[in-house]
Structure formats: C-alpha cells, structure tokens
Amino acid sequence: MSLIAAENISVSYGANTVLRDVSLAVESGEIVTVVGPNGSGKTTLLKLLIGAERPQSGQITRKPGLRIGYVPQKLHMDPTLPITVERFLRLPGGNTPAACAAALERAGVPGLSQRQMSALSGGQFQRVLLARALINEPDLLLLDEATQGLDQPGSAAFYLQIEEVRQKTGCAILMISHELHVVMAASDRVICLNGHVCCEGAPEIVSAAPEYRALFGTGTGGALALYRHEHDHTHDAICTHDHAPQDKRIEAAE
Amino acid sequence: MLDDFMTRAALAGVGVALAAAPLGSFVVWRRMAYFGDATAHAAILGVALSLALQISIFAGAVAVALAMALTVTVLTGRGYAMDTLLGVLAHSALAFGLVAVSFLSGIRIDLMAYLFGDILAVSRGDLAVIWGGAALVVGLIGWRWSALLTSTISSELAYASGIDPKREQLVLTLALAVTVAVAIKVVGVLLIAAMLIIPAAAARPLSRTPEQMALTAAIIGSASAVIGLQSAYTLDTPAGPSIVCVAALVFLGTSVLQSLRS
C-alpha cells in the first residue's frame, strides 16, 4: 500500500474553499513535489498530512507504523529560549547524543551539536531542521517550503542534500514548493495544485502541460536542467489536457 | 522551627519561587507575560467570591483564574486580538472583584493583603497549601516538559511528533491558575506576574539550555525571596515588593553581564 494516501479531501474556512476533492498518494522511495501558487492550499495540504488539521470530507490513510519526518517552513526560534542544537534534536525525547551527531552528519552539518540554535545561519538552521526530521529514520520526509530564506545556491545545495538522503536512506519525500525550476528537476513526480489537483506526472510532462503553464507561465522551463538527477527511467504521462476537476485522474504515475 | 514567622515567610517565598521558575520560563518563551498578568488580576474576583461564599481562598482563586484563562483561550481567534481580550477580561474581573469585596459587610477585609500579599502572616496551613500547589505545578510541568517544549518551539513540529499543542496549552493554563492561587498570599495579585517573569528573564543570559534556564530561575527566585525578606525586615519595607525589587536587581545585573560579554 501507499505510505500515505489522501482520498477526495476537501477543506474550507467559512465560505472560502481551500482544497476541493484532492487525492494523492506517496509510494515508498519516491520524491513527489507539490507546486502551486500562493493560496493554492499547499500548506493546508501538508498540515492535513501531518495531522495538524482534519479534512471536512474525504480521508487520509497512513500505512500502519509510518514514521514521518517533518521539515517545517523557516521556523521562528524566540531568542529568549536558550537551546543547543543537540537539545533541540533530542526533543521530544528518546534520542542519544550519538544519534544526533549522526543525523547532523547526514544532513550535511556535522559538529554543530553544541551551538545555540539562535546562532545558526539560515542554511545551517534548515539543515538542523532536516537533521531533526531524519533522526527517527522516517519512511516519509515532508518538507514545507523548506528553502524559504535561502539564496539560490543555498537552496540548490539543500535539494542536492535531500536527494542524497533519499539515496542513502531510501525514504520517500513529499515536498511543497514554489521554487519550480529547482524542485522539479529533482522530483520523480510533480503534482500541480491550485485548490484542486490541476495535473500530475513526471517533471517534463507537467512543465509542458497547459494547466501548469496557465498557472506559472513558461519562464521557468529553461532552468529545468539546473541539476537534473541522472537516472533515465520514464514515467507515464497522466496529464489530461482537456482538464476539468471532476475528470482528473489520480492514479500514481508509475 | 516553623514557629518563627520569618522562617514561615521564607519557606513560603521559596515555595512560590520554585513553582514560578519553570512556569515563568514558559511564560517568557511563549510571550504570555500579559496572559499571566491578566490571570492574576482576575484572581481578585475569586478572592471576593471565596469570602462571600465562605470557601477557601485557594479554591476560589484557582477556579476564577482557570475560568479566566480558559475563556481567553477559547475566545482568541474569534475576531478579537489576544491582548484586547485580556485587557477587557482581566480588568473587568479585577474591577468586579473590588466592587464585590465592598459589598461584603460584616467582614473587615484588608484588601491590600490580597493586592500586595501578606507573606509575614503565612500560617502553617498556608505553607501546606503553597508547597502542595508548588509540588503540583512542578510535577505537572516536569511530566509534560518535553511535549511543552516541543509545542512551544513549533506547533507543527509538535503535531508531527504526535503531540497535541492545544492539550499542552491547557497544562500550562492549569499550572498558571494554581501558581496564581498559591502566590496571592506571598506577593499578592498585582505582583505575581513579576515572580513569574523576572527570575526567568534574569536567568536567560546565564543559560545554554531550557533546563538550565528553569533551574537558574528557581535559584534566582528563591534567593530573591530570602534576601528580599531580610531587607524588608531590616529596612522596614513591604515584604512582597521587596522580593520583587531584589529579583529586578538580579535581572539588571545579568543583563549588564550579557551586554558586557557580547
């Protein structure tokens, strides 16, 4: 079964419908990117997946015993709270200093254990968040705009790190982003969200889809090759170009 | 030993400082200073009700402080900003409390004792209530420590770790209500927030981890209580405010230390 699957979920706040009849599933080991403009319901979707919110209709199923590692959007750490990186990684409890050191290593920032969280640079902070998500050896890593506040080389390096993590640990990755050119090249599958699933498929397919172009224009197409990852399997295109919400197809791409 | 009123007063002050330290740290980290203040002000209504109904002041103060804190928590996010709600509820409760007290004929009430505390009049029974309440607060916060800390850092991270931040918020609210109720006798409703915030804020520059900060705040708070009482005795000043003054001086000291270091 899928690691996590959402079936026909809808969420609205008052009269404002944020998500309408959204279905998606993540299989083990794949990198899935959800892209969408501001206000398209990306963050709401992620909150549903981690269990911070409940859908008004539809349902979310997790594989029994699923371990989720969650990397939030840039997190505000109040300067009145003194906390070392190691203490932060050990929350909410149960991890050894050795496990913390190993997770920092895997996230590409070894040796930060004794630093104060408030003294970290933006890039270091995001990697510490990544290390925290990795510490319990998750089956699924969820990233919410995890490179906000990083410059372009910084986010490119961060995404390379994510790919490396996937290679080493085999965990599935679901990330949410608006940084299309960087994210899409690293993904196995892209889901284009705008309140509903507009289209879905391999990066090349989605970036060529008219629904996607209508939302994002064609400007990012040329940057797709920024760092394409080097395995040449193929995906089936499932994007229905004569698109309407009720007839969209929701099967996994492979 | 407990026959000496100064010993009883010191023990009462230390008891409150111990409960206020870990709770006060969370109040500082979560920026709930005004929330603490408001809950404390509302407790005067609890005092008035207790006197009218002839129930224990501790019970009345806990009940009203809890009702106040829960009301604010429920109403927040329904169109009013938190600080507006707190301002309305806290000062209304304080005002209604003061008015209610004036209706209580037949009993001569020293209102000052509840507004500023009456630590020198602490009885053995009061001491038992204070240390019992303090043990409850420290136990509660100690039990939920990691979950509280995680939800303080980020509610999303908490959810992802299977922690419900709303439940942890309730734990803090309960601890706050109990702390307010036990601290009334010691520093009075107007200065309770000071005992929560000042030792924790003074401990911040000396700490590298959250645990260190709570522990340091407990030491600073306890020392302020003992030294404040001694000064009050020597200089013939009001005891509760003297304790707060000492804590404020420690805060000044550690802040200067920090700016010298950086």
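The values are calculated or read from the model by the stated rules, or taken from the named source; none is laboratory data. Just so we're clear, the structure is a prediction, and the values are computed from it rather than from any experiment. Ideal geometry is used to build each Cβ from the backbone, glycine not excepted, and the neighbour counts take in all protein chains shown. For the accessible areas, the whole protein counts, side chains as well, though only heavy atoms, and no ligand, DNA or RNA atoms are used. Shrake-Rupley method; radii C 1.70, N 1.55, O 1.52, S 1.80 Å.
Against the criterion of being in contact with a helix residue (DSSP H, G or I) (Cβ under 6 Å, 6 or more places away or on another chain), surrounded by 24 or more Cβ atoms within 10 Å (Cβ to Cβ) and either at positive phi or within 14 Å of chain A (Cβ to nearest Cβ) (or both), B:Ala158 qualifies.
Scan region B:29-43 for residues that are over 12 Å from the mean Cα position of the chain (by Cα) and either of a type in the set (Ser, Thr, Tyr) or within 13 Å of chain A (Cβ to nearest Cβ) (or both) and jot them down. Listed by number, the residues that qualify are B:Trp29, B:Arg30, B:Arg31. Considering region A:177-234, the residues that are at pLDDT 75 or above and of a type in the set (Asp, Glu) include one that is most open to solvent (accessible area, probe 1.4 Å), namely A:Glu204.
Residues checked against (1) among the charged types (D, E, K, R); (2) within 12 Å of chain B (Cβ to nearest Cβ); (3) closer than 30 Å to B:Ala201 by Cβ:
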{"residue": "A:Leu89", "(1), (2), (3)": "no, yes, yes"}
{"residue": "A:Gly93", "(1), (2), (3)": "no, yes, yes"}
{"residue": "A:Leu104", "(1), (2), (3)": "no, no, no"}
{"residue": "A:Pro110", "(1), (2), (3)": "no, no, no"}
{"residue": "A:Ser121", "(1), (2), (3)": "no, no, yes"}
{"residue": "A:Lys168", "(1), (2), (3)": "yes, no, no"}
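Scanning region B:135-150 for residues that are hydroxyl-bearing (Ser, Thr, Tyr) and open to solvent by 10 Å² or more (accessible area, probe 1.4 Å) gives a single hit, B:Ser146. The set of residues in region A:59-70 that are more than 9 Å from chain B (Cβ to nearest Cβ) and open to solvent by less than 40 Å² (accessible area, probe 1.4 Å) comprises A:Ile60, A:Leu66.
Got at least one residue in region B:74-81 being assigned to a helix (DSSP H, G or I), open to solvent by less than 40 Å² (accessible area, probe 1.4 Å) and either among the polar types (S, T, N, Q) or farther than 22 Å from B:Ala225 by Cβ (or both)? No, the conditions are met nowhere in region B:74-81.
For region A:73-102, a tally of residues being under 18 Å from B:Ser146 (Cα atoms), open to solvent by 50 Å² or more (accessible area, probe 1.4 Å) and either in contact (Cβ under 8 Å) with a residue 60 or more places away in the chain or of a type in the set (D, E, K, R) (or both) returns 1. Screening A:Arg115 against (1) within 14 Å of chain B (Cβ to nearest Cβ); (2) charged (D, E, K, R); (3) touching a Phe, Trp or Tyr at 6+ places or on another chain (Cβ under 9 Å) leaves a single unmet condition, (3). Considering B:Ile220, B:Ile153, B:Ile197, the condition of being at pLDDT 90 or above, within 12 Å of chain A (Cβ to nearest Cβ), open to solvent by 10 Å² or more (accessible area, probe 1.4 Å) and in contact with a helix residue (DSSP H, G or I) (Cβ under 6 Å, 6 or more places away or on another chain) is satisfied by B:Ile197 alone. Within region A:183-206, being in contact (Cβ under 8 Å) with a residue 24 or more places away in the chain and more than 21 Å from A:Asp144 (Cβ to Cβ) holds for A:Cys199, A:Gly201, A:Ala202, A:Ile205.
Put simply, of B:Ala52, B:Ala9, B:Ala21, B:Ala17 the only residue that is assigned to a helix (DSSP H, G or I), more than 14 Å from the chain's Cα centre (by Cα), modelled with pLDDT of 90 or more and of a type outside the set (D, E, K, R) is B:Ala9.
Could you count how many residues in region B:166-194 are of a type in the set (D, E, K, R), open to solvent by 10 Å² or more (accessible area, probe 1.4 Å) and touching a helix residue (DSSP H, G or I) at 6+ places or on another chain (Cβ under 6 Å)? Residues meeting the conditions: 1.
Among the residues of region B:122-134, at least one is open to solvent by 40 Å² or more (accessible area, probe 1.4 Å), part of a loop (DSSP other than H, G, I, E, B), out of contact with any Phe, Trp or Tyr (no Cβ under 8 Å at 6 or more places or on another chain) and over 22 Å from A:Leu89 (Cβ atoms).
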